[in-house]
Every structure is written in C-alpha cells, then in structure tokens.
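Step one of this worksheet: look at the structure below.
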Amino acid sequence: MIDNLAPLRDVIRTHDLRAKKSFGQNFLLDLNLTARIARAAGDLSVADVLEVGPGPGGLTRGLLAEGARKVLAIEKDPRCLPALAEIAAAYPDRLVVIEGDALEVDALEFLTPPVKIVSNLPYNVGTELLIRWMTPAVWPPFWDSLTLMFQREVAERIVARPGSKAYGRLALMVQWRANARIVLSLPPEAFTPAPKVSSAVVHITRLDTPRFPAKAKTLERVIAAGFNQRRKMLRAALRGVHPQIEDLLRAADIAPTARAEEIGLEAWCRLARHLDGDTS
Ligand code: SAM
C-alpha cells in the first residue's frame, strides 16, 4: 500500500474508465511499479513534476507517495478528471490537473524550476513530445530530467550507439545534449489492456551545454539528410546539403564512402561546424 486511496481496479470500475484506443490508453494498475518508476526520476521532493497523461492516476499516486513537491498533470480524456480530483483531495496543494492536449497546453506558467518530467506517455504522441522537449529554441530547456515510458523499440532508438540498426536521428538528437539510459523494462502484461509490444522506461538527464559544439539547425539538417538515405554512402546521401560535400567530409575527417549509421556524434558535430565554415 503506497496510500490510503482505493485500488486502481476499483477506481476504474467506479468511474467507468474503460481504456480507449483513440487516447492511447494502456494503464498501469500496480502501484508498487508506479512508485518504482517515480523513484527512477531521482529526488522528487525538490522538484515540480510534469506528468503527461495521468489517466486514472497510477503514476500520479506513485509520484506523490514518493514525495514530489508538486505534480502538474495534463490529461486529455475528461472521463479521468473525477478520479484525479480524489487524488488531489488526498494530497492537498500538491496536485494540479489540467484538462487538455499536452501538445497545446503551455505547462511552463504552472511550473517552478527545477522541473522533472515523468510520464507513461500515450504512444501516439510520445515521440513528438520527446522531440519538442529535446529541441527548444534555447538550451538549457525548462526541465532537468525526463523519465518516460516508451515502446521498447523507441527506447532502444533513444539510447542506441553507432553501428546498430536502432542508431539514427533520435539517438543523436537526445545524446547531443543529454545522457540517456533505459532504467526499467516492462512486459505487455504490466498494462491494462496489454499492448502488443514490450515497453521500457528511459531516464534522460540534460547537460548544461551540448556535448560538442555545433549549430542545432545545421546538425539536425545534416543528420536528417544522412539518415533519410541510410543505405547510401554519405557523399551521395548528403549531395543536396552542400555542392562540395565530399571535400567537407574529408576536412571533417569522415570517409565520404562511410554510411550515416557508422558516424558518431562527435564527427557529426564536426561536419556541421565545417558546413557552417567554423573549422576551429
Ligand atoms: N499514466 C497512466 C498510467 O500509467 O496508467 C495512463 C497512461 S496511458 C499510456 C496515456 C494517457 O495519456 C491516457 O490517460 C490518455 O488519455 C492520455 N493522453 C493521450 N493523449 C494525450 C494528449 N495529447 N495530452 C494529454 N494526455 C493525453
């Protein structure tokens, strides 16, 4: 027992919260498990937590029981609000629930730094939210860490290393400005209803400055071009990026015959700097 509230199965029955596919709903009903996910986010007592998609509130309760200073939860499905109101009443002044679409709500005005984002994300918007959180207009972003549930395959793409099939834009975008590791793996049966695939929790902590210098726009553009045609050699895949791409690749110490998936983060950053005429 992590709190005195009703078991989640009862909550779901009382409020008639049958999972809807359109909302990407796969609920976690084991409160010991949600408390574990909350602990993976580190010390919550000193942070405001942003949770996207609290649903019936399993992870929300884990976060509050683990001592989160404050939780701001954004939920799109209005059916979940009465269940969440019961949690808010049990933890006075510590839970704020906003009904809305996390892609549209500006959470910043409700949060005081430091901010940790912890969510069992709806699969249909998970990657888009991650990309937004990783590519703000200015770095560092408003958050310190992200502790997020993804489909296992997406989690593997986030932590992937050069040379692997999973390595690509997502790995580079995240690892350029953060440390990322998988902290928990979950089988489909951990969820109700069980999805078709396994899931994993990724913990991402941001760096104050990017790991290697480069302009974000240039880096994103060259990486996108490279991986859009990942089977091709870079001199062909990057032809559209710069007319003298072969010379620039050589100047950046990258073999023009190499393929995108063989190139590490530092070399991509070097190439981006050469593209911007910065050869220092
Ligand atoms: N956190 C709960 C748990 O762990 O049991 C529910 C997780 S379920 C995978 C995803 C939740 O996100 C659902 O409650 C769904 O209604 C909500 N959701 C889906 N799209 C959303 C969006 N765009 N903005 C906010 N919430 C959304």
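The values are calculated or read from the model by the stated rules, or taken from the named source; none is laboratory data. Quick caveat: nothing in here was measured; it's all calculated off a predicted structure. All Cβ positions, even for glycine, are placed from backbone atoms using ideal geometry, and neighbour counts span all protein chains on display. Surface areas here come from the heavy atoms of the whole protein model, side chains and all, with no ligands, DNA or RNA. Shrake-Rupley method; radii C 1.70, N 1.55, O 1.52, S 1.80 Å.
Under 28 Å from residue 2 (Cα atoms) and touching a residue at least 60 places away in the same chain (Cβ under 8 Å) - does that describe any residue in the stretch 127-138? Within the stretch 127-138, none of the residues are under 28 Å from residue 2 (Cα atoms) and touching a residue at least 60 places away in the same chain (Cβ under 8 Å). Listed by position, the strands (runs of 3 or more DSSP E) contained in the stretch 1-110 that have at least 2 residues being touching an Asp or Glu at 6+ places or on another chain (Cβ under 7 Å), more than 22 Å from residue 182 (Cα to Cα) and not aliphatic (A, V, I, L, M) are 70-75. Close contacts from the stretch 99-111, counting a first residue that is assigned by TED's automatic domain parsing to the domain that holds residue 73 and open to solvent by less than 80 Å² (accessible area, probe 1.4 Å) and a second that is hydrophobic (A, V, I, L, M, F, W, C) and in a loop (DSSP other than H, G, I, E, B), with Cβ to Cβ under 9 Å and a gap of 6+ residues or different chains, come to 102/121; 107/142; 111/142; 111/143. In the stretch 12-32, the residues that are more than 14 Å from residue 61 (Cβ to Cβ) and more than 7 Å from the ligand (Cβ to nearest atom) form Cβ pairs under 6 Å with partners that are assigned to a helix (DSSP H, G or I) and of a type in the set (A, V, I, L, M), at six or more places apart or across chains, as follows: 15/83.
Hey, among 122, 113, which residue is under 18 Å from the mean Cα position of the chain (by Cα), closer than 19 Å to residue 41 by Cβ and not hydrophobic (A, V, I, L, M, F, W, C)?
Working: 113 fails: under 18 Å from the mean Cα position of the chain (by Cα).
Being under 18 Å from the mean Cα position of the chain (by Cα), closer than 19 Å to residue 41 by Cβ and not hydrophobic (A, V, I, L, M, F, W, C) holds for just one of 122, 113, which is 122.
Which residue out of 200, 194, 214 is of a type outside the set (Asp, Glu), touching a residue at least 24 places away in the same chain (Cβ under 8 Å) and in a strand (DSSP E or B)? Only one candidate qualifies: 200. Pairing residues of the stretch 152-163 that are on the phi > 0 side of the Ramachandran plot with residues that are surrounded by fewer than 21 Cβ atoms within 10 Å (Cβ to Cβ), at Cβ distances under 7 Å and at least 6 apart in sequence or on separate chains, gives 163/261; 163/262.
Do the conditions hold for residue 220, that is, is it within 24 Å of residue 144 (Cβ to Cβ), outside the structural domain of residue 34 (by TED's automatic domain parsing) and either assigned to a helix (DSSP H, G or I) or touching a strand residue (DSSP E or B) at 6+ places or on another chain (Cβ under 7 Å) (or both)? It is true that residue 220 is within 24 Å of residue 144 (Cβ to Cβ), outside the structural domain of residue 34 (by TED's automatic domain parsing) and either assigned to a helix (DSSP H, G or I) or touching a strand residue (DSSP E or B) at 6+ places or on another chain (Cβ under 7 Å) (or both). If you filter the stretch 233-251 down to residues that are assigned to a helix (DSSP H, G or I) and touching a helix residue (DSSP H, G or I) at 6+ places or on another chain (Cβ under 8 Å), you find that the one that is nearest to residue 276 (Cα to Cα) is 248.
For the subset of the stretch 112-135 comprising residues that are open to solvent by 40 Å² or more (accessible area, probe 1.4 Å) and farther than 27 Å from residue 190 by Cα, which member is nearest to the ligand (Cβ to nearest atom)?
From the stretch 112-135, those open to solvent by 40 Å² or more (accessible area, probe 1.4 Å) are 112-114, 123-124, 127-128, 131-132, 135; that's our starting set.
Next, from what is left, pick out any that are farther than 27 Å from residue 190 by Cα: 112-114, 132, 135.
Working: 112: 21, 113: 22, 114: 22, 132: 12, 135: 18 Å.
For the stretch 112-135, the residue satisfying everything is 132.
Restricting attention to the stretch 41-84, the residues being away from the ligand (no atom under 15 Å from the Cβ) and open to solvent by 10 Å² or more (accessible area, probe 1.4 Å) number 7.
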